[in-house]
Amino acid sequence: FSCNLSDLLRSFLGLLYQEYRDKSTREEIETRRLQDSQTDPEETSPSEETPSEAEPTSTIENKAPPQINLLRNSNSRFNLWQDLPEVQSSGVLSILQPDEIKLQEAMFELVTSEASYYKSLNLLVSHFMENERLKKILHQSEAHILFSNVLDVMAVSERFLLDLEQRVEENIVISDVCDIVYQHTVNHFSVYITYVSNQTYQERAYKQLLQDKPAFREVISQLELDPKCKGLSFSSFLILPFQRITRLKLLVQNILKKVEEKSDRESTALDAHKELETVVKACNEGVRKMSRTEQMISIQKKLEFKIKSVPIISHSRWLLKQGELQQMNGPKTSRTLRTKKLFREIYLFLFNDLLVICRQIPGDKYQVFDSAPRGLLRVEELEDQGQSLANVFILRLLENADDREASYMLKASSQSEMKRWMISLAPNRRTKFVSFTSRLVDCPQIQCVHPYVAQQPDELSLELADVLNILDKTDDGWIFGERLHDQERGWFPSSMGEEILNPKIRAQNLKECFRVHKSDDSQRRKLGSRNRQ
C-alpha cells in the first residue's frame, strides 16, 4: 500500500467496537432477509451489495478514489476492501473472480474489526481504568476485580493487529489472515480465558460498588456522558473481550465458507477455527465453573434426605433444571376426577447425571424421597384426555433409590413447560424436527433478530443474527433450537427470531455449517467408532 494502513486504521476508524458489532450483525440480518425473500438465493450476497450511498454497485469501471473514505466516516457503511483507493486504482477488481473478492472482504473485515476492538479497549483503559478520580475511590483489590487483566488483553490485541496490518500492507490482494489468527490463538489468547473467567466476580463487584459507593456511581455516570463513549455504558466496555473472542470465531467461519475447498487456505482456516473453538469453550467453562459451584453448595444446604443420602456436590455435576410439577395421586389406572385433589406438588432437581425428587417443606427446604441416575430416565407423553390431564407426561425411573423401577404421572403448568421437562429428562428422545447432526437435507430454521439472555439453565442465550435449526416448538410461543455455529441447544421465545422460509437458503446454511465443522465431524466419527468398540 502506498498509504500507511496502520495510521489509516488507528486514526480514522470512527466506530467503537460496540457500534461495529451492532451494525455488522444488523446488516447480516437484513442480507439474510433479502436472500430469504428471493427465489434464487445466489442472486444476492453481502459483498455484492452497494458498498455505500456514495458508491455505485460496480467498482470495476470506476477505479477513481471514492468521495468518502469509509474508515473516516462512522456514519457510512463499513469500509470494504474494494473501496480502498489503492485497490480501485490497481485494476485487480477486473481480474479477480467474484468469489475471491468475497474472500478478500471477509479477511479485511477481520482486520478492520480488530482495529475497532482495539480502539474500544484503549478507551476502557485510558478513559475509565486510568481515571485519577476513579483510582482514588477504588481500593486496589476492587480495581483488580473490576478490570482484571485487561492490560494483558489489550497488549495481545495490539500485537495481533500489528501482524494483521503488516500482512495487509504486503500486497493489496491479501494472501491469508487465518495463519496469523492460528499463531496468536495458540500462543497468546489464553489471556481471554483469564479475563472471561473473572466475569462473574466482575459483575458482582460492579453491582456492589454502584450500591455501596455513591462517589463511584457519580464518576462512572460522568465518564459515560463523555462524547468519546458515544452513549455507550461502562459495562458494555467491560464485556468486550468475551464478545470479541466469540465474534473472531464467527469471522474465521465466514472466511472458511469462502476459501477454496481442499486448499491450503481452507486447512489454515480450519486449524484457526479449531483453536478459537477451544478458547471459547474454555472461556464458557470458566464463567460457568464458579456460579455452578456456588449453586451446588446452595442446593445441598436445602436438601433433607428421607431416603439414603446422595452426595450432591461434585466437580463434574451441575444443575440442568429445577422446578415444581404436579404428581398424580394413586396408581396410574385409577384416573378418577372424583378425588378431591387429583394432583399434589413435587419438586425436581435435575442435574447432568442425576435426578432428585422432593417435596417442599417449611423453611425453604426440600425433603428427598426418590432419585435416579439421569441415564436411567424415560419419558412418555400422555395423549390429551381432557383439561385435567392436559400437559401430563409419564416419568419412568428404570432404577430408583430402592433399586427398582418406578413411574410418576406428572402434570406441567403449560405445554412448553411439559416439553422442556421431557427434553431435559431424556435428552436423546426424538424431537419434532431432526437435529443438525442427522444431516437432514431440510429442517426449519430461524434467525435471531432480538438478543435474548437465558433465564433458566435449559434456555439458550441468543446474539443478533444467530441461525438455529428448530428442533421443537410449542403452541405457547417457545422454540427448542440448535445453533448452527456451535451446536449449542436450548429453549428461547419464538418472538426473538424470524423463520427462514426459503429452502435454498436453509440448505446453504446447513452446507456451510457442515463444511465449518467437518474436522469436528471426523473427530466425532472416530470417537463414535471407539465407543462402539
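The values are calculated or read from the model by the stated rules, or taken from the named source; none is laboratory data. Remember, it's a predicted structure, so these values are computed and weren't measured experimentally. We place every Cβ from the backbone using ideal geometry, glycine too, and count neighbours over all the protein chains shown. Areas reflect the complete protein model, heavy atoms only, side chains present, ligands, DNA and RNA absent. Shrake-Rupley method; radii C 1.70, N 1.55, O 1.52, S 1.80 Å.
Values for this structure:
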{"item": "Subset of the range 124-161 [touching a Ser or Thr at 6+ places or on another chain (Cβ under 8 Å) and in a helix (DSSP H, G or I)]", "result": "ASP152"}
{"item": "Failed item in (1) out of contact with any Ser or Thr (no Cβ under 7 Å at 6 or more places or on another chain); (2) assigned to a helix (DSSP H, G or I), with LYS258 passing the rest", "result": "(2)"}
{"item": "In the range 162-178, the residues that are within 24 Å of the chain's Cα centre (by Cα) and either surrounded by fewer than 18 Cβ atoms within 10 Å (Cβ to Cβ) or in a helix (DSSP H, G or I) (or both)", "result": "CYS178"}
{"item": "Qualifying residue in the range 211-222 (condition: open to solvent by less than 50 Å² (accessible area, probe 1.4 Å) and either among the hydroxyl-bearing types (Ser, Thr, Tyr) or not assigned by the TED database to the domain that holds ASP99 (or both))", "result": "no"}
{"item": "Number of the condition not met by GLU294 [criteria: (1) open to solvent by 60 Å² or more (accessible area, probe 1.4 Å); (2) at pLDDT below 90; (3) over 25 Å from ARG420 (Cβ atoms)]", "result": "(3)"}
{"item": "Scan of the range 184-222 for residues that are basic (Lys, Arg) and in a helix (DSSP H, G or I), ordered by number", "result": "ARG204, LYS207, ARG217"}
{"item": "Filtered residues of the range 266-309 (kept if in a helix (DSSP H, G or I) and aliphatic (A, V, I, L, M))", "result": "ALA269, LEU270, ALA272, LEU276, VAL279, VAL280, ALA282, VAL287, MET290, MET296, ILE297, ILE299"}
{"item": "Residues within the range 252-266 that are modelled with pLDDT under 95 and closer than 14 Å to GLN183 by Cα, tallied", "result": "0"}
{"item": "Test for ILE479: is it more than 16 Å from the chain's Cα centre (by Cα), within 23 Å of GLN35 (Cβ to Cβ) and among the β-branched types (Val, Ile, Thr)", "result": "yes"}
{"item": "Long-range neighbours under 6 Å by Cβ, at least six apart or interchain, first residue at negative phi within the range 245-272, second assigned to a helix (DSSP H, G or I) and open to solvent by 20 Å² or more (accessible area, probe 1.4 Å)", "result": "LYS257/GLU512; LYS258/LYS102; VAL259/ARG265; THR268/ASP179; LEU270/SER519; ASP271/TYR182; ALA272/TYR182"}
{"item": "Residue list for the range 223-242, filter: open to solvent by 40 Å² or more (accessible area, probe 1.4 Å) and part of a helix (DSSP H, G or I)", "result": "GLU224, LEU225, PRO227, LYS228, SER235, PHE242"}
